Every structure is written in C-alpha cells, then in structure tokens.
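Inspection log for the structure reproduced underneath, given as structure tokens.
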Amino acid sequence: MIDYAVVTSFDGRTLPVQDELTLLSRARQLDPEALAHIHDTYYTSIFRYVVFRVSDHATAEDLTSEVFTRLLTALRDKHAPQNTLRGWLYGVAARVVSDHHRQTYRTPQVELDESLASTNPDPADIVEGKLTRESVQRAMQDLTEEQRHVLSLRFGSDMPIQDVARALGKSEGAIKQLQARAVAALARQLSPKVVD
Amino acid sequence: MDAQLEIKLIECLDSLAQGESPDRILARYPHEAAQLRPLLETAAGLTTLRREPSEAAKMQARQKFMAQADLLRRTASRKKVGFLPRLAAGFIATTLVVVVLGAGAVAASGSALPGDPLYGLKRTVESTQFSLSGSAAARESLTDQFAQRRRDEVKQLLSAGRPSEVAFTGTIEALQPEAWIVSGLVVQIQANTQIVGTPQINRVAEVRGVTGPNGLRADSISIESSREPGVTPTPEATQTPPITATPEAPRTVTPTTMVPPTATPRPTTTPRPTATPQPVEVEFTGNVMAIDTEMWNIDGTTIVVDANTEIRDSITVGQRVQVRALRYADGRLIATRIELAEDGGGGNNSNSNDDQNSNENQNGPDDNSNDDDGGDDGDNSNGNENNHDTDDDDSNAANEGEDSNDND
C-alpha cells in the first residue's frame, strides 16, 4: 500500500497532510489566520464544483459561501472534519447544492425550467450550438446523486481520477466506471438518439 | 451500453483527460466510433462549461466568512463576562440619561451615524452609560459593545457610500499590502497611512480614516501590543519602531526591462507627494501558503503570477521565498520574480527594501543575489512568524489604568 505522505491536490497546489492537520486543529480554535488560509485555498475549487451544478453565477457564489458558513458552525459545534478537509467541503457542497435544488422545485410558482434557466444566457454558455449549461443541468437531474457528484468533481472542479477516488473512498477503477456511465446517461438525456 | 463498449468508453475518457482530441481518439476505434462519438463529445463539451469565480466575489465571501468567524469567537468568549451585570448597568444608565435628556431624542439618536445631527447625543449617551457603570467587567463589556457600534456605523456609512471621518477599533484578521481586514471591515492602506505598532493578525488596531463610495481609506492605524480585544486605551507606542505598511519608492522602472548601459538614470530625487499611477516595485520575503496557477498566497498576501513572472526555483508550499513584485495603484501585486529566500526559513521580515539598488544594468544580468542584508547572519528570528504568539498576553494588564475612551 502506498502511504500518502503528501496530498497532491488537483490544481497543482500541495498541502502536506501534517499541515492540513495542523490547519484543522487551529481552525477548531477559530484561529483567524487558519480560517483565512482555508478560505483562500478552497474557495475557487468549491465554487467550480457548485457552479457546475447551478447555472446562475450569483446563486453559485451564495451557495459556495454557504459551504464555508457550514464549516464554521461545524467547527463551533465540534463536529468538524477530523482529517480530510477537502473531502468534507465537497461533501457539504453536494448537500448544499441538492438542498438548493430541492427548495427550488418545492416552490410552487417557479417552474422547473425557469428555475434552471439563467436570466441572462451568457453567449459563452452555448457550446457548439447545442450543449448549454441549462440543458446539461436539466439532464443531470435524471442522473444519480453519485453520478452528478463525480461529473461535477471531474468536469467542474477538474479533479483527477485518483483524487476523486480518495475523496469518495472508492477505487480508481470504480470511479472511471462511474464516470463512464454518468457520461453515457447524460448523453442519452441530452440527445435521445444516442443508443444504449 | 454493453460491457465491451463501456470499457472502450473508459479508455476514451482517459485519453480525453490526457488532452487528446475526440477525433484522434475515435480513429483508434473504427467499429465503435459511431456509438462512442456522442458520448465523447458530451464529455468534451462538459469541460467547456467550467466557470471561475470573480475576484470580487472571492474577496467578498472571504470578508463575510471572517466576520462570521469573528462573531463566533465573540459569542464563545462573551459567555464568560456574565449577562446580568451588563444588563443592570445598561438599564440604570439609560434610565438616568432618558430622565435628563428626554426619551424621544435619545431613542432617535440610537441609529444616528457620524455626521448626523443626533450623533453627538448618541455618543453622550454612551459616555454617560460608561461613566455610570460600576464594575470593571461592565465597563469592559460596554467598551466591546461601543466598539461594535462604531464598526456597525462604518459598515452603514460604507454601504450608503457616505463620506465621513471615522474611528474604530477591531481585531486584525488579514494583512495585505493594499488592504487589511479589521473585524470584518476592509481597510485600504494608502501610501500615506501612518502605521504605529507591529501589524499582526489577531491584534487589536485602532483605525482612523475616511469612508466614501470607494470604501474606507485609512489615515492612521495604531496597533496595540496586547491581543485582548475590548480595552482600547490610548494608542501606546510599542517597543518596535513605527513601520510603514509597504515599502514605498517612486520607481518608474519596470524590473523586466533591461536598461542599456548608456542610459542615464532618471532623476528620482524628489518623491512626488501623491501616489503615481505607475506601479511601484516592492520586494519582500515570506512563507508560501498556497500556490495556484495564477495566484500565490504568501503570508496571507495574494500575489498574481503571470506569464512574465520569473520563478527561479522549484517552490512548494511552506517554503520561504523572496518576492519581487509591482504594486499597482489599485492594490494588485504582480510578481516579477519569485525565488527561494536565502535564509531558507528564518523569519526576518525585511520588508524595507529601500536600499535595494536597481537590478538592471551592465554588471551581469544574472547577478541577483542582491539582498545584501541576507538574513543568515545572526539568525534574528524575531520575524513575523505569524502563528499564535500568545507571549504578550500579559502585557495588557498595563493598559487597564486609562480607559479614557469616552470621547466628545
């Protein structure tokens, strides 16, 4: 077995395990410097994940902020992450996003399509004339939560397979299979002509 | 999707992640290309949906996050003070003031902001409350409460974009050359901002400045040597000499341009009184806290790293580096060169680089070992080793005497 002395994160940044543990223990004391460091280190990655799952930029900013607020309350209530901060943050991000979707769907006056459509479609959002953020996000609703999570980590946050595997506690092979099935399911949703 | 096709799709997605184009990948699977193409194109399309957060949103989120953390810390520590004494003191004092001045005006003054007609009354009520409160604990909690009020006022002035002179105390939460965060408020540091004391995260600072539509500019900041928020007496001179936040030098040369040997140096004798729009060259050493593709965090300061940045060594998080950067008028810091610091981890915060002479003339372009004060002599590790130094906690006992914070 490989003993991971260093966690290499997916965007070239490295954070030695020991440092992350020190950081966490300081964060538990609500040490401002440690907290600022955590925010600086993870905000962008979490935002990328969230914005992949909600089309509206401003909503994504709010939800990302909410993830960090939940970190603070978890630290206060002493059920903060014990060792892997990053995995914990992504787990919370997934919950925050699904809470958001659930709330949006529950609100009766908002139609599903409206809730997913951004108010001002960004021209850059139209990919080769067919794949849009809206259509992808709508299609994602028919995937399993695990499939959505993996797609967002891989394609939203650009996280390497091995990091996704570690974050989800699965083998790399399992993640690759999950990803392949998620892509196939998504392609089917986006274009019914795609054969199984 | 059958198992065979799934295996091939997995291989395709691997290749796609390596950066290969769908067409090239599909060329290897002539029999399944028709089935695989829409899947692969979907995956390729997904990568184009990536979005980055705006810098403004990031900064705002950080500010909110730090303010929330501050609030949590306060509520955690406030439990010790005791609620009843505070309540009693507040009640008695308010009653007396109301009797003397009339309830209407006092109530109305509560929401007054600096510059409002009733603001003076608000402060009078506060100082009456303060002088009538009996115990030291009550006074301390009032000081806390009033400090919070000052900050709330600043917040309101800022959100209204209203210009006014302000003064408040708070805890330093972040230090960057262009701006600090003091108890959740972004304080812009100007070239002429007077800074007394040693800026350090967690310390209490008294900020005087001006609000306006573009935020809060600091005229002066005095930092207390004590960490304990609450008692905020007169700005005491700390043992360290006053330093200015950022090394200031009205240089007009950009470090990347090579000045021909014959060029006569420009006269830079008289510094201009106002900030020039040209970037200022700064140099400092610090510990790398995070490395991102286009931004590095060095001791809490965000530095932009672009294609022109020369990164001399292979640098990882935690190492001590020497940074040369251009500071622009809007506060951005763009690194021109980053290399491992020669002292390799001793903490001397030598951010006074005024003696640094220009790096561009004929005496060898690669000769950059120019930090003649290189910190490896004598290992003065007094530096901004930013982490919890609780060693000066006891020094705030000395501050108890003069709580003359009631102004007006």
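Below 11 angstrom from the Cβ of residue A:76, what's the summed charge of the other residues (Lys, Arg +1; Asp, Glu -1)?
+3
Proximity of backbone amide H atoms, modeled 1.01 Å from N, is registered between residue B:190 and B:218 at under 5 Å, excluding neighbours fewer than 5 places apart on the same chain. Starting from a Cα-only point model with no solvent, please compute log10 I(q)/I(0) by Debye for the range B:162-216 at q = 0.18, 0.22, 0.32 1/Å. For the requested q values the scattering log ratios are -0.55, -0.83, -1.59. The ranking of B:31, A:149, A:57 by Cβ neighbour count inside 10 Å, starting from the fewest, reads B:31, A:57, A:149.
Cβ crowding within 10 Å ranks B:41, B:173 as B:41, B:173, fewest other Cβ atoms first. Counting only residues 5 or more places away or on other chains, whose amide H sits under 5 Å from the amide H of residue B:201 once H atoms are built in the peptide plane? Distant-sequence amide H within range of residue B:201: zero hits.
Amide H to amide H distances under 5 Å link residue B:285 with B:323, B:350, where only residues 5 or more positions off or on other chains count and H is placed in the peptide plane.
Residue B:212 sits among other residues whose Cβ lies under 13 Å from its own Cβ, and their net charge, with Lys and Arg +1 and Asp and Glu -1, is 0.
Read the figures in this text as sums done on the coordinates, not as results from a lab. Remember, predicted model here, so these are calculated numbers, not experimental data. Here Cβ is always computed from backbone atoms with ideal geometry, including for glycine, and neighbour counts include all displayed protein chains.
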